[in-house]
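Right, one structure below, let's go through it.
The values are calculated or read from the model by the stated rules, or taken from the named source; none is laboratory data. In this text, all values refer to a predicted model and were calculated from it rather than measured experimentally. Positions of Cβ are generated from backbone atoms using ideal geometry, with glycine treated the same way; all protein chains shown enter the neighbour counts.
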Amino acid sequence: MRHEQHEAIARWERRWLALMGGLLVVLVILMGYSLYLEGGHIGRRAQGGTPAELTALDMFARPGVVETSPGRFRVSIVGQAFSFVPASVQLPVGAQVTFFATSRDVLHGYQVQNTNINVELIPGQVAAFDYTFDRAGTYRISCNEYCGISHQNMVGTIEVLEAGEFAALRAQQEAAAAAVGGAGEGVDAASLAVGEQVYSATCVGCHQASGLGLPAIFPPLAGHAADLYAVAGGRDYLVNVVLYGLTGPISVGGTTYAGQMPSWASLTDEEIAGVLNYILNTWGNEVRLEGGGLPYQPSDIEQFRAQTLSQESVLELRTALAIE
Ligand code: CUA
């Protein structure tokens, strides 16, 4: 009797084991189906390192679109609080794209609407994935990992253009790149190039690629930086605010910004001079100054390093300026 009971249990056990084994097989088949037949995209880990090492790699130091061979493209993307660099990517219809993406700071997501692209941008890792854009149109990108106060503003676009449109855009971009050497009266192009790189690595997350900041969160630099520069003491104030940061509230154009800007004293004198020159020669700031500005030199920055200001005293400096 005991022996028979034992036999019966063993039979049930075998049935359950077979059922479990069968379920596992079904799950693996389903995963394979969605990954290969439906073209599921799980970013493969292409490279590891510290976030600083990865963002220093050439493809992330100069992120964007590169045509590697006819019809094939490499797009490199850096995610950072709270933007994608570049935020907007243009590709021709039919482009076969390999994306490489990483994060400069915290975990972000890269989800492209109307595609199955949805990857995590992990600091210290590079995600790689392929996609072919068969239809022209604008695809919206959003960050789908909560990354901080302005997470919901972390958006971008991929514009897939007809071949002719794309060729025209490329020609226009190349012409603009060739003309950069002549920009910024009295400012050397090398300083502006350094500044542009610093801006896109350090400032763009808050002040945005447009220089317009974010409404009521991060103040604009477009127009405002030129206004600050133009008043007595403004030229020195701009150096101090980059070196030592600022704790609000401040008012710009009738809007109050109660945020905090960190100190960027870790940047070199060349980098701070470059980024200030870049800001004052972009977004119409150069028009406001009408060539009346003296470009910053690294030595202009160095002399302010000795004093060490608190963020509160930078706010007092700002209050003392004769701006509205
Ligand atoms: Cu980046 Cu949310």
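Consider region 87-103 and keep the residues that are of a type in the set (Gly, Ala, Ser) and in a strand (DSSP E or B). The one that is surrounded by the fewest Cβ atoms within 10 Å (Cβ to Cβ) is Ser88. Could you list all residues from region 266-293 that are crowded, with 20+ Cβ neighbours inside 10 Å and of a type in the set (D, E, K, R)? Glu271 - this is the single residue of region 266-293 that is crowded, with 20+ Cβ neighbours inside 10 Å and of a type in the set (D, E, K, R). Look at (1) within 23 Å of Pro70 (Cα to Cα); (2) in a strand (DSSP E or B) and you find that Glu165 fails only one, number (2). Are any of the residues in region 87-99 at pLDDT 90 or above, within 12 Å of the ligand (Cβ to nearest atom), outside the structural domain of Ser200 (by TED's automatic domain parsing) and under 15 Å from the mean Cα position of the chain (by Cα)? No: region 87-99 contains no residue that is at pLDDT 90 or above, within 12 Å of the ligand (Cβ to nearest atom), outside the structural domain of Ser200 (by TED's automatic domain parsing) and under 15 Å from the mean Cα position of the chain (by Cα).
So how many residues does region 104-161 have that are without any contact (Cβ under 8 Å) to a residue 24 or more places away in the chain and either more than 10 Å from the ligand (Cβ to nearest atom) or surrounded by 14 or more Cβ atoms within 10 Å (Cβ to Cβ) (or both)?
Matching residues across region 104-161 total 3.
Would you say Leu289 is modelled with pLDDT of 90 or more and among the aliphatic types (A, V, I, L, M)? It is false that Leu289 is modelled with pLDDT of 90 or more and among the aliphatic types (A, V, I, L, M). If I ask for residues that are outside any helix (DSSP H, G or I) and among the aliphatic types (A, V, I, L, M), which ones from region 270-324 would you list? The answer is Leu294, Ala306, Leu309, Leu321, Ala322, Ile323. Considering only region 57-84, state which residues are touching a helix residue (DSSP H, G or I) at 6+ places or on another chain (Cβ under 7 Å) and within 16 Å of the ligand (Cβ to nearest atom). Answer for region 57-84, where residues must be touching a helix residue (DSSP H, G or I) at 6+ places or on another chain (Cβ under 7 Å) and within 16 Å of the ligand (Cβ to nearest atom): Val78, Gln80, Ala81, Phe82, Ser83.
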